[in-house]
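K.L.:
There's a structure below that I have some questions on.
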Amino acid sequence: MRTILLPFLNFSESAQGRVVPPSGFTARLTVLTAAAMAFLAVFALALSLATGRLAERWGNELARASTVRISAPEDQVDAQIKATLDVLNTTPGVASARALSRDEEMALLEPWFGPSLPVDTLPLPALIEVIETAEGYDGEGLRLRLAGEAPGAVLDDHSRWRRPLIKAASRLRFLGYVSLILMAGVTAGMITLAANAALAANAQVIRTLRLVGATDSYIARAFERRFTVRGFTGAVIGAFFGTVAVALLPSAQQEGGFLTGLGFSGLQWFWPCVIPLLAAFVAFLATRFAALQTLRRLM
Amino acid sequence: MIEFHNAGYGYGGRELLTEMTLSLAPGSFHFLTGPSGAGKTTFLKLCYRELQATAGRVSILGQDTREMGRDEVAQLRRKIGVVHQDCQFLDHLSLAENVALPLTVADRPRDDQDLVDLLAWVGLTEQIKAKPPELSGGERQRAALARAVIMSPDVILADEPTGNVDWEMSLRLLQLLVELNRMGKTVVIATHDMHLIRQAKSQVQARVLRISNRRIQQSGADL
């Protein structure tokens, strides 16, 4: 682990790293906290990416679909379906329109009522699925035409329920990213405190190093290396277990809805690898800041 | 080499040293004497910029200490060897690593044979792998001296180097400091041991700086 190279630091335990005495408890605490934060960060990342996918899907696919519901006396249903389809097929902006079969309607209701629902005995409205072209149709104009040609037809363009869902998904994604930033902040704060404690505990070491001609940068680097390695090591452990936990979640299914789709997809599985690098960078910056602040207070 | 121009140092509204004007010439040997609490350690700290003069001007190796930044102070200390009374070491490193510490922090390569020769010069070859807590008072003082000279500094400042050792070890340390002076180093030893100063008489041409009543007085006669 200690010989892993990062672009901004050589992690080998050099003579510079050894001038600071090893510390047991603080080191383990730093690694543990970094691991816990990385574990949580994987979940926040999974949440953000999953809600992002969801918002995108609802935004793109469902935005082009709408439904016409026909509630009419049983003897008029077929006539009204035909009239509605005629109106739809002659409406600019409608790519296709088709009536759903009874089996398709039953499939829609099955998640709520189970497979043995006697659809034929229920007074269910007939449904027509409408797919828009990229340009879309004039909703108000279509409603007026349907009111004239098929009085039992009601156009539902999904916007009523789609908009709040997309908004909620976008908010969740935003909150996921905010959580990631907060975790980075907490990690930075924790490492700053740990670095300050280490600097205070090693005041005599620092005095000796300054006495023999060590610059502030040199002393700061000795602490930076140590805390960067600890942050990185902890984050690798946390990110590994977090990724395994996400992988063990049930896979996405139509029935499961959003919860079973919580995870990574395709190349997104590489994102948890970024967390240890970010943790190391945060640890590096936090320690440098703490060390230089403390050293400037010393003569 | 080191010049004080009407320099003084005070802390908390109290003047510890005042109106000091003197010059330590290259290759000179000085004893700094005075009663305990007179300000010998403070004077030495002004000489390697551990403290900053609060009045007048102190110039070290041609640099005015008032104008030095933190990195410049660090660079300056690589040219000045300091032997402290309490010999500050890094207890988790071996004696060899402690002695080589000035080279390490300066990112300069370490010649192991030179290090062995230096430790042999101060008589610590056997303790090369020992940790500082395992060393006796005399061994620590000699190790501090070895560390002070490893960068081949121009000036050696020793603060009560014989304070915690027996007479025999005091003479050994004095001998080492005299040898350094013969190599051309400027040596300043703070001590209140008049026996040691008299003992040096036969070996080196030394001058005495005495701190009295917050002022420094130079002895006119060489010892």
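What follows draws every value from the coordinates through simple rules; no lab data is involved. Not measured: the values here are computed from a predicted model. Virtual Cβ from ideal backbone geometry, glycine too; neighbours counted across all protein chains shown.
K.L.:
Please go through the range A:140-172 and give me each residue that is touching a residue at least 40 places away in the same chain (Cβ under 8 Å), surrounded by fewer than 19 Cβ atoms within 10 Å (Cβ to Cβ), touching a strand residue (DSSP E or B) at 6+ places or on another chain (Cβ under 9 Å) and within 18 Å of residue A:80 (Cα to Cα), ordered by number.
P.N.:
Scanning the range A:140-172 gives A:154, A:156.
K.L.:
Here's something else I'd like to know. Please state which of the following conditions residue B:91 fails to meet, knowing it meets all the rest: (1) surrounded by fewer than 18 Cβ atoms within 10 Å (Cβ to Cβ); (2) without any contact (Cβ under 8 Å) to a residue 12 or more places away in the chain; (3) within 8 Å of chain A (Cβ to nearest Cβ); (4) not β-branched (Val, Ile, Thr).
P.N.:
(2)
K.L.:
How many of the residues in the range A:81-107 are farther than 29 Å from residue A:122 by Cβ and surrounded by fewer than 17 Cβ atoms within 10 Å (Cβ to Cβ)?
P.N.:
The total comes to 4.
K.L.:
Does the range B:3-15 include one or more residues that are within 20 Å of the chain's Cα centre (by Cα), more than 30 Å from residue A:18 (Cα to Cα) and within 14 Å of another protein chain (Cβ to nearest Cβ)?
P.N.:
The answer is yes; a qualifying residue exists.
K.L.:
OK, next. Among (1) more than 9 Å from every other protein chain (Cβ to nearest Cβ); (2) within 19 Å of residue A:219 (Cβ to Cβ), where does residue B:76 come up short?
P.N.:
(1)
K.L.:
How many of the residues in the range A:188-208 are crowded, with 20+ Cβ neighbours inside 10 Å and facing chain B (nearest Cβ under 9 Å)?
P.N.:
2
K.L.:
Since residue B:112 meets every condition but one in (1) within 11 Å of chain A (Cβ to nearest Cβ); (2) farther than 28 Å from residue B:47 by Cα; (3) acidic (Asp, Glu), which condition does it not meet?
P.N.:
The single condition residue B:112 does not satisfy is (1).
K.L.:
Please go through the range B:62-85 and pick out each residue that is in contact (Cβ under 8 Å) with a residue 60 or more places away in the chain and farther than 23 Å from residue A:204 by Cβ.
P.N.:
B:79
K.L.:
Residues that are surrounded by fewer than 19 Cβ atoms within 10 Å (Cβ to Cβ), at least 2 per element: which strands (runs of 3 or more DSSP E) completely within the range B:104-223 meet that?
P.N.:
Where strands (runs of 3 or more DSSP E) fall fully within the range B:104-223 and carry at least 2 residues being surrounded by fewer than 19 Cβ atoms within 10 Å (Cβ to Cβ), they are B:207-212, B:215-218.
K.L.:
Select from the range A:209-220 the residues that are buried (at least 24 other Cβ atoms within 10 Å of the Cβ) and either touching a Ser or Thr at 6+ places or on another chain (Cβ under 7 Å) or in a helix (DSSP H, G or I) (or both) and write down the one among them that is farthest from the other protein chains (Cβ to nearest Cβ).
P.N.:
Residue satisfying both the conditions and the ranking: A:219.
K.L.:
Could you figure out which of (1) without any contact (Cβ under 8 Å) to a residue 40 or more places away in the chain; (2) part of a helix (DSSP H, G or I) isn't true of residue B:98?
P.N.:
Against the list (1) without any contact (Cβ under 8 Å) to a residue 40 or more places away in the chain; (2) part of a helix (DSSP H, G or I), residue B:98 comes up short only on (1).
K.L.:
Can you say whether residue B:136 is free of Cβ contacts under 8 Å to residues at least 24 places away in the same chain and more than 14 Å from chain A (Cβ to nearest Cβ), as far as the supplied structure shows?
P.N.:
yes
K.L.:
Considering (1) in contact (Cβ under 8 Å) with a residue 40 or more places away in the chain; (2) among the polar types (S, T, N, Q); (3) within 20 Å of residue B:26 (Cβ to Cβ); (4) facing chain A (nearest Cβ under 10 Å), say which one residue B:59 fails and leave the rest.
P.N.:
Failing condition for residue B:59: (4).
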